[in-house]
Amino acid sequence: MENVARILILTGIILLVVGGIFLLYARFSFHMPGDIVIRRKNFVFFFPLATSIILSIVLTLILNLLIRMKR
């Protein structure tokens, strides 16, 4: 039962950090090279391609480290 509690606490901390990053990202509204932004008269399309790739790599590294620590 201790392991489940630790996993839930760690998951909550990770979600808080990721949520904070998204809030800061939205507030400062900076775009990385590689993000797709299409602006028309009454329409803006934003697809954070580079940001998604970097976030995926960072989360993969974190999860791999956690899995290796568990063994």
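Structure notes:
- VAL18 being within 16 Å of the chain's Cα centre (by Cα) and in a helix (DSSP H, G or I): yes
- Test set (1) part of a helix (DSSP H, G or I); (2) surrounded by 11 or more Cβ atoms within 10 Å (Cβ to Cβ) - ILE57 fails condition number: (2)
- The range 34-54, subset touching a helix residue (DSSP H, G or I) at 6+ places or on another chain (Cβ under 9 Å) and either over 16 Å from ILE21 (Cβ atoms) or charged (D, E, K, R) (or both), residue surrounded by the most Cβ atoms within 10 Å (Cβ to Cβ): ASP35
- The range 22-54, residues that are without any contact (Cβ under 8 Å) to a residue 12 or more places away in the chain and in a helix (DSSP H, G or I): PHE22, LEU23, LEU24, ALA26, ARG27, PHE28, SER52
- Residue check for THR60: at pLDDT 85 or above and among the hydroxyl-bearing types (Ser, Thr, Tyr): yes
The values are calculated or read from the model by the stated rules, or taken from the named source; none is laboratory data. Only a predicted model underlies this, so the values are computations on that prediction, with no experimental measurement involved. Cβ: placed from backbone, ideal geometry, glycine included. Neighbour counts: every protein chain shown.
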